[in-house]
Amino acid sequence: QAVQGPARTYPTLPARLLVHVALPTRCNYMRRVLGLGAAATAAAVAHFLNERIVEARATRIERLRACGHLDQICRTPSGDLATQSSFDRPIVVTGLLDDWPAREWTFDLLRKRIGQALVDTGSSTGGVPFYLVAANAQRGRSGTADLALYVFDSDFSADSGKSCLLEDVDRLPTLTRGSVCEAGAAAEHDDRPVWRWLLAGPEGSGTLIHQDPWGYTSWNALFVGDKRWILFPPSVPRETLHPPRTDLIGRAAACLGLHLPRGACEFMDEVLPALRGQGLGEVDLVQRPGEVIAFPAGWWHAVVNLDATLAWTESFGRTRDLASITHALRRGGLGDFANVVQDEATATSVVQDLPLERK
């Protein structure tokens, strides 16, 4: 009911309560319903897009795995000391890891041994427990792993919880004999750059095309899973290996003056086919468990984990690269260490009469 006036209609108290209470309540209910509907729609869209991403990842991995026939590099037996002590191109050595306890590593085993230890995945927020890395790597469905949880960990100090792993790996003297960074005081110098890492990554993770720093030569020992490698000589220009991205994100970044590199999978799937047949001297291979790959300083390389992998890698300085190593160290602000490397190398007769100037 309402009280009639000459010009306006005034709602009675019950009517006003209906307007101020019932109607807003109904509107709030409708908003909640619409909100839940929008959330459900967004979740369905997100699920659909995620499924497409998962399928695309799995398909790409299968394509990269199917290119294993391109692996034509001859394996070097562990008894071939001449090849291991002097190589100008990447080599893959078999039999070097037969006696290593690390050959028995599995994700389950390491989860029991170092599960609570923090490992470096490149996150700006710090390390993550290894048990999370192991759980992520062991996801059953292809393409579903979080690729960001790829471990490159170099901390094996007594309080890291991972020093026990050093008992399972050994040195490779046939590859590293005469390393200029391990002569005398250089080996334990406080400024010595990081030179060994535990690697643990899920299927599809990897490292984009790059050169190792400091003029170092490197080797990689694989214990679990397969790795796809592509390597190019140092003479190949950077621009050849990093062509502009043509996708939407790449074009948007280019408009801002930024260059976004491709990930390892994208490089092998999108860029590598166009580089074949140009005489660039690339080496394409699949590394199997128990094999060690070694490559000279300056070689470009990209790596994709075709499976969940566990590996160990180290870098070292060869005598023939001493000039470039000390130059790189000085450029990187490690002049004191460069001088120690030079002095120790000369004192131990590793090198003689090198045309270097101390600074």
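Taking square-rooted eigenvalues a ≥ b ≥ c of the alpha carbon gyration tensor, is segment 216-318 rounded, prolate or oblate, where a/c under 1.5 means rounded and, failing that, a/b exceeding b/c means prolate? Write out the running numbers ahead of the final one.
Working: a/c = 1.97, a/b = 1.61, b/c = 1.23.
It is prolate, given that a/c is not under 1.5 and a/b is the larger ratio.
Would you please classify the overall shape of segment 123-282 from the alpha carbon gyration tensor, given that a ≥ b ≥ c denote the square roots of the eigenvalues, rounded means a/c under 1.5, and beyond that prolate means a/b larger than b/c while oblate covers the rest? Note, shape of segment 123-282 comes out oblate. Each residue of segment 214-228 was assigned a 3J(HN,Hα) from its phi angle through the Karplus curve 6.51 cos²θ - 1.76 cosθ + 1.60 (θ = phi - 60°); the sequence is 6, x, 7, 8, 9, 9, 9, 9, 9, 10, 9, x, 10, 10, 9 Hz, with glycine and proline shown as x. So if R0 is 56 Å, what FRET efficiency would Leu248 and His327 give, r being the distance between their Cβ atoms, rounded to the nearest 0.05? The calculated FRET efficiency here is 0.85.
Seen from Arg63, the other residues with C-beta closer than 14 Å to its C-beta sum to a net charge of -3, counting Lys and Arg as +1 and Asp and Glu as -1. Inter-label distance, Val45 to Val194: 3.9 nm, where each label sits 7 Å from its Cα along the C-beta direction. Taking amide H as placed 1.01 Å from N in the peptide plane, the amide H of Thr76 sits under 5 Å from that of Val92, Val93, Thr94, each at least 5 places away or on another chain.
Looking at the square roots a ≥ b ≥ c of the eigenvalues of the Cα gyration tensor of segment 53-142, which shape do they give, rounded for a/c under 1.5, prolate if a/b is larger than b/c, or oblate? The partial results should precede the final answer.
Details: a/c = 2.25, a/b = 1.36, b/c = 1.65.
Verdict is oblate for segment 53-142.
Backbone geometry of segment 73-79 corresponds, through the Karplus equation with coefficients 6.51, -1.76 and 1.60 at θ = phi - 60°, to 3J(HN,Hα) couplings of 6, 6, 6, 9, x, 4, x Hz, x marking Gly and Pro. Only protein atoms count toward the accessible area here, which uses a 1.4 Å probe; on segment 44-165, the carbon and sulfur part of that area reaches 54 percent.
The values are calculated or read from the model by the stated rules, or taken from the named source; none is laboratory data. Computed from a predicted model, the values in this text were never measured in an experiment. Note that we place each Cβ from the backbone using ideal geometry, even for glycine, and neighbour counts take in every protein chain shown. Ligands, DNA and RNA are excluded from the accessible area calculation, which covers all protein heavy atoms including side chains. Shrake-Rupley method; radii C 1.70, N 1.55, O 1.52, S 1.80 Å.
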